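Asker: I have a structure I would like to understand better, so I am pasting it below and will then ask my questions one at a time.
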Amino acid sequence: MDSSPDRLTFMAGNPKEVFRKYLEEAIGQENAAVAFSALEEPASVSVRRNPWKRTAGFHTAGDAVPWCGNGIFLDSRPVFTLDPFFHGGAYYVQDSSSMFVAHVFRKLLPMVMEGKGRPLRVLDLCAAPGGKTTDLAASLREVCGSGFVLVSNEVVSQRASVLASNAAVWGDPCVVVTSDDPSHFSSMDGWFDVILADVPCSGEGMFRKDIQAQEQWSEDNVRLCQGRQRRIAADVWPALAEGGLFIYSTCTFNRYENDDNVRWISGTLGAEVVSSSADDGMPGVLATGCGFSLVPGLVKGEGQYCSALVKTSSAGRIWQRSRQKGPSGATLTGQEMSGIRDCFTEEVAVVGKGNFVKVLPQSVASEMLFLESRLHVLSSGCAAGERKRGVLVPDPDLALSLIYRRGLYPEAELDKEQALSYLQGNPPVLSDMPAGFLTVCYESLPLGFVKNLGNRCNSLYPRSRRIRMDIHRSKNQQ
């Protein structure tokens, strides 16, 4: 069900006229009138395809998002839970305006690519639930292959768990999910080439989707958010290399949290605003003094602000390639190591901890091991499995990984009803398939694993991701 409010509803003391004044200050009276009217309309719906998980059966009709080649507007909001492609990471549900941030990233990426001689290091500081992380990962893989490391951070533990799950479903092994306060990165002098700070804000751009954003809005909250945003930027600033790219974004409109903060970052922390370098006349996108504003009514999506700066101040020494000990594999035999490496389409470093085994892309293994020594890492690389009685039981994330070698385990193709049942945690009956571990697929897209015992299967699909809704009842209500 779509819970979007059908009208602007501010609590007492937070009149519409105050918000209107803020909106007019930010984007002008004429644009504000268009936006104010559009905020009374239903929110748009859009998805972004995973370009590294293309399957013949996945077809989504709709208008293209102008600034994202993989973005598609949908005519209506389906029940995504009832789509196996959603669970297999074939696409991510993301507001189209939010996709604009990665557009700016892609346009400016060449500025920090030259002369590195090492993998590119990127930090998505306030990353949950993972929309921008997965967009950045897709863009980086297109340019760098596996020659990048993307740290996706969320300080709130519950949101960080959701982020880790979404990153695993997307399947890029060069993503490291962490849960650290922004201030914890300050000791990593100049380590990152790019930092994206999609900072917590007053949420004016979410008014169509979130009634609480309207109810909690106030001038005091705007001031509170402005101060918090400056602290976040200042806390993480030492971690950005001199000459590095800092992308600042919010989902709000007012100048206090947007252009004013960018000017503060530029003047106080030391940076040059370079947003105009990413301006290629996208339809409906407003150029502000320091960045870009996307406003409902002028664009099809929700509200978003984005600016980019290049750091001009020194951040102490600039880190070169991290010198770390090789990955631990002492508990694994040579045959086991070889068998695990065979699971992947590129060279990997095998890391064993107890019975749990994961792999890191060899191209960034040194960087990832360094990060694990400095940060609270929730996940990195790709979980390969768990050793039980001398046998590697494949981890569910292995099937979802972009570097999983297809065909290593026999593949069981399920129809939609069977796939949804499997995603609920119900093991299928695959009596015509060989015994042992099988990759479960829908329209050739891997969803996970089962262990086939002949007359029955044991499902390896994780409990935390299982569909909990009544599928048949939901289908009847569509």
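Asker: Under 6 Å by Cβ, and 6 or more places apart or on different chains, what pairs join a residue from segment 102-121 that is over 19 Å from residue 272 (Cβ atoms) with one that is hydroxyl-bearing (Ser, Thr, Tyr)?
Answerer: 102/139; 106/139
Asker: What are the pairs, 6+ residues apart or on separate chains, where a residue within segment 384-404 that is closer than 23 Å to residue 466 by Cα and open to solvent by less than 30 Å² (accessible area, probe 1.4 Å) has its Cβ under 7 Å from a residue that is of a type in the set (Lys, Arg) and not in a loop (DSSP other than H, G, I, E, B)?
Answerer: 384/358
Asker: Looking at residue 106, is it assigned to a loop (DSSP other than H, G, I, E, B) and either open to solvent by 10 Å² or more (accessible area, probe 1.4 Å) or at pLDDT 95 or above (or both)?
Answerer: no
Asker: So residue 281 clears everything in (1) assigned to a loop (DSSP other than H, G, I, E, B); (2) in contact (Cβ under 8 Å) with a residue 60 or more places away in the chain except one condition, right? Which one?
Answerer: Of the numbered conditions (1) assigned to a loop (DSSP other than H, G, I, E, B); (2) in contact (Cβ under 8 Å) with a residue 60 or more places away in the chain, the odd one out for residue 281 is (2).
Asker: Within segment 348-380, track down each residue that is open to solvent by less than 20 Å² (accessible area, probe 1.4 Å) and either closer than 23 Å to residue 425 by Cβ or assigned to a loop (DSSP other than H, G, I, E, B) (or both).
Answerer: Once the filter is applied, which keeps residues that are open to solvent by less than 20 Å² (accessible area, probe 1.4 Å) and either closer than 23 Å to residue 425 by Cβ or assigned to a loop (DSSP other than H, G, I, E, B) (or both), segment 348-380 yields only 375.
Asker: Considering only residues that are open to solvent by less than 30 Å² (accessible area, probe 1.4 Å) and either more than 30 Å from residue 93 (Cα to Cα) or in a strand (DSSP E or B) (or both), which ones fall in segment 19-51?
Answerer: 28, 45, 46, 47, 48, listed by residue number.
Residues are listed down the side, and each one gets a yes or a no for (1) open to solvent by less than 10 Å² (accessible area, probe 1.4 Å); (2) among the hydroxyl-bearing types (Ser, Thr, Tyr); (3) in contact (Cβ under 8 Å) with a residue 24 or more places away in the chain:
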position: 212; (1), (2), (3): no, no, no
position: 234; (1), (2), (3): no, no, yes
position: 238; (1), (2), (3): no, no, yes
position: 246; (1), (2), (3): yes, no, yes
position: 249; (1), (2), (3): yes, yes, yes
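Asker: Pairs please, first residue from segment 420-432 and within 14 Å of residue 455 (Cα to Cα) and open to solvent by less than 20 Å² (accessible area, probe 1.4 Å), second anywhere and hydroxyl-bearing (Ser, Thr, Tyr) and not in a loop (DSSP other than H, G, I, E, B), Cβ atoms under 8 Å, 6+ apart in sequence or on different chains.
Answerer: Short answer, once both residue conditions are applied: 428/421; 428/422.
Asker: Let me ask something else about it. Give me a count of the residues in segment 140-165 that are over 24 Å from residue 231 (Cα atoms) and open to solvent by 10 Å² or more (accessible area, probe 1.4 Å).
Answerer: Within segment 140-165, residues that are over 24 Å from residue 231 (Cα atoms) and open to solvent by 10 Å² or more (accessible area, probe 1.4 Å) number 11.
Asker: Determine the pairs where a residue that is more than 18 Å from residue 199 (Cα to Cα), located within segment 139-166, has a partner that is open to solvent by 10 Å² or more (accessible area, probe 1.4 Å) and part of a helix (DSSP H, G or I) with Cβ atoms under 7 Å apart, the partner being 6 or more residues away or on another chain.
Answerer: 139/106; 146/363; 147/363; 165/464; 165/465
Asker: Right, something else. How do the pairs read when you match residues in segment 365-383 that are closer than 15 Å to residue 154 by Cα and modelled with pLDDT of 95 or more with residues anywhere that are outside any strand (DSSP E or B) and of a type in the set (Asp, Glu), using Cβ under 7 Å and keeping only pairs 6 or more apart or on different chains?
Answerer: Close Cβ pairs satisfying both conditions: 375/180; 376/180; 380/372.
Asker: Within segment 447-457, track down each residue that is open to solvent by 10 Å² or more (accessible area, probe 1.4 Å) and touching a Phe, Trp or Tyr at 6+ places or on another chain (Cβ under 7 Å).
Answerer: Across segment 447-457, the qualifying residue is only 451.
Asker: Can you tell me how many residues in segment 295-315 are assigned to a loop (DSSP other than H, G, I, E, B) and touching a Phe, Trp or Tyr at 6+ places or on another chain (Cβ under 7 Å)?
Answerer: 3
Asker: Okay, moving on. Which condition does residue 227 not pass, out of (1) part of a helix (DSSP H, G or I); (2) over 29 Å from residue 370 (Cβ atoms); (3) in contact with a Phe, Trp or Tyr (Cβ under 8 Å, 6 or more places away or on another chain); (4) not charged (D, E, K, R), if it passes all the others?
Answerer: For residue 227, the failing item is (3).
Asker: Could I ask something else about it? In segment 381-402, what residues are outside any strand (DSSP E or B), touching a strand residue (DSSP E or B) at 6+ places or on another chain (Cβ under 9 Å) and more than 28 Å from residue 188 (Cα to Cα)?
Answerer: 395, 396, 397, 398, 399, 400, 401, 402
Asker: Which residues, counting only those in segment 451-470, are over 21 Å from residue 82 (Cβ atoms) and more than 27 Å from the chain's Cα centre (by Cα)?
Answerer: Listed by number, the residues that qualify are 451, 452, 453, 454, 455, 456, 457, 458.
Asker: Among the residues of segment 128-136, is there at least one that is over 13 Å from residue 174 (Cβ atoms), outside any strand (DSSP E or B), open to solvent by 30 Å² or more (accessible area, probe 1.4 Å) and free of Cβ contacts under 8 Å to residues at least 60 places away in the same chain?
Answerer: Yes, some residue in segment 128-136 is over 13 Å from residue 174 (Cβ atoms), outside any strand (DSSP E or B), open to solvent by 30 Å² or more (accessible area, probe 1.4 Å) and free of Cβ contacts under 8 Å to residues at least 60 places away in the same chain.
Asker: Is one or more of the residues making up segment 189-203 open to solvent by 20 Å² or more (accessible area, probe 1.4 Å), at pLDDT 95 or above and part of a helix (DSSP H, G or I)?
Answerer: No: segment 189-203 contains no residue that is open to solvent by 20 Å² or more (accessible area, probe 1.4 Å), at pLDDT 95 or above and part of a helix (DSSP H, G or I).
Asker: Right, next: Evaluate segment 260-281: report whether one residue or more is over 23 Å from residue 35 (Cβ atoms) and crowded, with 23+ Cβ neighbours inside 10 Å.
Answerer: yes
The values are calculated or read from the model by the stated rules, or taken from the named source; none is laboratory data. For clarity, every value in this text was computed on a predicted model and none was experimentally measured. Positions of Cβ are generated from backbone atoms using ideal geometry, with glycine treated the same way; all protein chains shown enter the neighbour counts. Accessible surface areas use protein heavy atoms only, side chains included; no ligands, DNA or RNA. Shrake-Rupley method; radii C 1.70, N 1.55, O 1.52, S 1.80 Å.
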